[in-house]
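Participant: Next up is a structure, given as structure tokens.
The values are calculated or read from the model by the stated rules, or taken from the named source; none is laboratory data. Here the structure is a predicted model, which is why all the values come from computation and not from measurement. Methodologically, a virtual Cβ is constructed for each residue, glycine included, from the backbone with ideal geometry; neighbour enumeration extends over all protein chains shown. Note: accessible area is taken over every heavy atom of the protein model, side chains too, but ligands, DNA and RNA are not part of it. Shrake-Rupley method; radii C 1.70, N 1.55, O 1.52, S 1.80 Å.
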Amino acid sequence: MKKETIDSSKKEKREMFDHSKHQADFKQAEFWAVFGVIGNILLTVVKGVAGVVGGSSAMVADAVHSASDVVASGVVFISLRIAKKPADEDHPYGHGKAEAISSSIVGLLLLAAGYQILMNAYHAIAGGSHGVPTVIALYAAILSIAAKEAMFRVTYRVGVKINSPSTVANAYDHRSDAFSSIATLIGIGGAMLGFPFMDPLAGGVVALFIMRMGYSIVVDASHQMMDKSVDEEIIKKITQITRSTEGVLSTHDIRVRQSGPFYLVDLDICVNRQLSIEAAHEICDEARSNIFREMEKIADVRIHVDPSEQDR
């Protein structure tokens, strides 16, 4: 029997990817992206005013971070609007890569914001401009820590639930802001206790937090865009499901890549060499149906058939 490729787009498949079933997931992600934009705008205003009025360079730096978060959340929202579109003639694998692109933009924005804050902190320390902040900056830092940690938790929970890389990246953006506000709180508190250099120093620490988070997000997004293989547990589960399908003698060359929240699967199976093309097609059909039924977020499964060297 010649090696055959079973076209995963055939209409007669028992199980097909239903893009409409996942629209609710995208709506959740979009809601929290908008929530992030609104929350970050409010925090930017509060921290900016508190930083200027309270005379804290660290708080001003923290406000800049929140301003970058506004842009980041906006980018994530736009990417989700694109990623939820179904596959079309020009994009046969769907639009999921838009999420990886937006994640990389978020990471680059964090790197740029962190660098700018780091330079400002350096010049403040080198220039000896060590003003003592007032209590309003301290209160703003406490508010920011509580708000951003809450935003991280709800956004991360949604991102993991719907397997959305850009939503998870946005969540970690919130967490980086919470960490930076902790550093800001320490710096402001230290300056108020008689160590004024600690305020700009805290701004520099904030910058390092931001840049580290940005780097991590860019690396993860790059892996997705370059089709890095997914977690080994996913491949093991696909292997188990396929090999348990009646008529499948063995599997090999299982490849899985992520496109936004979805997975694209490509694998080879071996069947009895005495089978007809029609019978082999039925086995592929059943294996593909099992994968769709037993796994979440599978957008496409393409199966290649090989005649087995050893038949059952």
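Participant: Residue farthest toward the positive end of the dipole of segment 155-312, with Cβ of Lys/Arg at +1 and Asp/Glu at -1: which of P307, V230, F197?
Facilitator: F197
Participant: Using a 1.4 Å probe over the heavy atoms of the protein chains, calculate the carbon and sulfur portion of the accessible area of segment 103-166 as a whole percent.
Facilitator: 70
Participant: Still on this structure, please answer the following. So if the hydrodynamic radius of segment 106-154 is defined as the Kirkwood radius over C-alpha pairs, what does Stokes-Einstein give as its diffusion coefficient at 25 °C and 0.890 mPa s, in µm² per second?
Facilitator: 185
Participant: Size of the dipole of segment 163-304 about the Cα centre, Lys and Arg at +1 and Asp and Glu at -1 on the beta carbon, nothing else charged, in debye to 20?
Facilitator: Roughly 280 debye for segment 163-304.
Participant: Let me ask another. Express the Stokes-Einstein translational diffusion coefficient of segment 146-214 in µm² s⁻¹, to the nearest whole number, given a Kirkwood radius over alpha-carbon pairs, 10 °C and a viscosity of 1.306 mPa s.
Facilitator: Roughly 125 µm²/s, to the nearest whole number.
Participant: So if we plug the beta-carbon distance of Q116 and D266 into 1/(1 + (r/R0)^6) with R0 = 41 Å, what FRET efficiency do we get, rounded to 0.05?
Facilitator: After rounding, the FRET efficiency stands at 0.40.
Participant: Quickly rank 170-180, 271-281, 104-114 as a protection proxy: mean count of other C-beta atoms within 10 Å, highest first.
Facilitator: In descending order of packing, they fall as 170-180, 104-114, 271-281.
Participant: Compute the accessible area per residue over segment 180-244, keeping the other protein chains in place, probe 1.4 Å, unit Å².
Facilitator: Solvent-accessible surface per residue comes out at 53 Å².
Participant: Per residue of segment 173-178, what does 6.51 cos²θ - 1.76 cosθ + 1.60 with θ = phi - 60° give for ³J(HN,Hα)? Whole Hz please, x for Gly and Pro, Karplus curve as stated.
Facilitator: 5, 4, 5, 4, 5, 5
Participant: Next up: Rounded if a/c is under 1.5, else prolate if a/b is larger than b/c, else oblate: which is segment 88-208, with a ≥ b ≥ c the root eigenvalues of its Cα gyration tensor?
Facilitator: It is oblate, given that a/c is not under 1.5 and a/b is not larger than b/c.
Participant: Under 12 Å from a label point 7 Å along Cα→Cβ of M295: give me every residue in segment 261-275 with its amide N that close.
Facilitator: 262-268
Participant: A further question on this structure: What fraction of the Cα pairs in segment 243-312, stated in percent, has a spacing above 18 angstrom?
Facilitator: 36
Participant: Mind checking the log10 I(q)/I(0) for segment 188-312 at q = 0.21, 0.22 Å⁻¹? Debye, one equal scatterer per Cα, no solvent, two decimals.
Facilitator: Relative scattering, expressed as log10 I(q)/I(0), comes to -1.11, -1.17.
Participant: What distance in nm lies between label points placed 7 Å from Cα along the C-beta direction at F31 and E232?
Facilitator: Going by the 7 Å Cα→Cβ label model, 3.8 nm.
Participant: Stretched out fully, how many nm does the piece from I38 to F197 gain, at 0.36 nm a residue minus the Cα gap?
Facilitator: That pair, I38 and F197, stretches by 53.9 nm at full extension.
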